[in-house]
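Participant: Can you read through this structure? Questions will come right after.
What follows is calculated from the coordinates using simple rules that are stated; it is not laboratory data. Since the structure is predicted, the reported quantities are computational estimates derived from the model, not experimental observations. Heads up, the Cβs are rebuilt from the backbone with ideal geometry, glycines too, and the neighbour counts pull from every protein chain shown.
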Amino acid sequence: MATSPRTEAQLERLARLRDAVRSSSSYHDAVSRLAAIGEDWERARKVYRRLGLRIRDDLNSGPPYETRPNSQPPVEIIHDEPPETLPSLQIPVYCEEPATPAPAPAIGWTVEEPVERILFVPDTHVPFHDPVAWGVMMQSAKRLKPHRVVVLGDFLDFFQCSDHEKDPRRCTSVKSDVEEAKALLGQLAGLGAEHLHFIEGNHEKRLRRYLMTRAPALLESMDLPAMLGLREAGWTWTPYHEHLRIGELHVTHDTGHAGATAAQRSSADFMGSVVLGHTHRIGVHAFGNAHGQRFLSAMFGWLGSVPDADYLPLVKRMKDWSHGFGIGYRIGDRVELRAVPIVDRAAVVDGAVVRVAG
Ligand SMILES: [Fe+2]
Ligand SMILES: [Fe+2]
């Protein structure tokens, strides 16, 4: 079988290597003999290895010997001649050129990648909102410069339309409440966001329910989105118990769950990330599954007046509810969520304290 010129050169080289190794009396002698023919011990070992042989160098006191891989130190010297048609000899078996290391991948940091900023405005309960909490949220929002604003429902309280017993001293008119809510919505629209979303809560639904049961003839003429002028101002409207999608995020007022784990249970219902209103609690919870998916469930507190929400015990309002709001950062379909508590008339946004004096 004809061999290629390169294979013949390899065989000749092997023969020179083996002559040097076999005629040596010690490891050091072998190193010297290899050096004399322009080779060295490590190169010789590589050539041997390609042939399925080894030369052992652990017997400094004796001559080097050839052996097969994995054999134990010898008892006899093996002088197998390498088969000339070894497949490994049909291809280059040794490279004289130093290997060129692959260029290390460049590590770069991008800190200015554009991201969509989202402001989440939780339950405000106009006209029983807390002016300080609202002020801190608005000042923070001016700093944030959101691309998108989402009102999470219960923006109005509609105390007059509730089935609870009412303190007549607190009763304001629907008309004045709507006017006040329009003014606050105007502040939100004035932030310059490209997208504005209003999600209906159970308190907004109070008006519809009141009309349906007590004045159905007025139902059509007292459409809340129209009363608030939402469509003209560019707001979208999501009815109560329906949800808004922002990428992979589901946003709704409530899903029928309450309490500290309401958002987590809602995420389980959606099998995805969720932002809830309604609970007046604050927090972001992250969880995942064995497939490597990661979800967030968030509640962003509220902006109402604690003394005015007297339909629940004061201790519960103080213990469980938190003033605050939410921020989202949208990267493609994924939305990272941050809860921003308002404590002592202040919030921390973008590394700065935003405080309302007074
Ligand atoms: Fe609610
Ligand atoms: Fe609420």
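Participant: Based on the alpha-carbon gyration tensor of segment 207-258 and its eigenvalue square roots a ≥ b ≥ c, which shape applies: rounded if a/c is under 1.5, prolate if not and a/b is larger than b/c, or oblate?
Facilitator: Here segment 207-258 falls in the oblate category.
Participant: Given N residues in segment 147-251, what is its alpha carbon radius of gyration divided by 2.2 N^0.38 Å?
Facilitator: 1.12
Participant: Could you sort the peptides 153-159, 245-251, 283-289 by per-residue average Cβ neighbour count (10 Å cutoff), highest mean leading?
Facilitator: Ranking the peptides 153-159, 245-251, 283-289 by packing returns 153-159, 245-251, 283-289.
Participant: Can you compute the modelled spin-label distance between residue 145 and residue 242, with each label point 7 Å from Cα toward Cβ, in nm?
Facilitator: 3.4 nm
Participant: So which lysines pass the test for residue 182, namely a Cα distance under 25 Å, with those fewer than 8 places away in the same chain ruled out?
Facilitator: Cα-Cα hits under 25 Å: 142, 145, 166, 205.
Participant: Restricting to bridges with both residues inside segment 116-355, how much of the DSSP beta-bridge set is antiparallel, in percent to the nearest 5?
Facilitator: Of those bridges, close to 60 percent are antiparallel.
Participant: Give, in nm to one decimal, the length gained when the segment between residue 343 and residue 220 is fully stretched (0.36 nm per residue of separation minus the Cα-Cα distance).
Facilitator: Net length gain for the segment: 40.1 nm.
Participant: Pull up all non-local amide H partners of residue 349: gap of 5 or more, or a different chain, and H-to-H distance under 5 Å with H placed in the peptide plane.
Facilitator: It is 354, by chain and number.
Participant: Taking the alpha carbon gyration tensor of segment 266-358, what are the square roots of 5 times its eigenvalues, largest first, to the nearest whole Å?
Facilitator: 28, 19, 9
Participant: Got a sec to turn the phi values of segment 257-262 into Karplus ³J(HN,Hα) couplings, 6.51 cos²θ - 1.76 cosθ + 1.60 with θ = phi - 60°, whole Hz, x for Gly and Pro?
Facilitator: Going residue by residue, I get 9, 9, x, 5, 9, 4 Hz, with x marking Gly and Pro.
Participant: Taking θ = phi - 60°, what integer Hz values does the Karplus form 6.51 cos²θ - 1.76 cosθ + 1.60 yield along segment 219-227, in sequence order, with x for Gly and Pro?
Facilitator: Here the 3J(HN,Hα) series is 4, 5, 7, 10, 6, 4, x, 5, 4 Hz.
Participant: Calculate, for residue 333 and residue 49, the FRET efficiency according to 1/(1 + (r/R0)^6) with r their C-beta to C-beta distance and R0 45 Å; round to the nearest 0.05.
Facilitator: E between residue 333 and residue 49, to the nearest 0.05, is 0.30.
Participant: Which distance in Å, rounded to a whole number, links the C-alpha centroids of segment 260-327 and segment 226-251?
Facilitator: 19 Å
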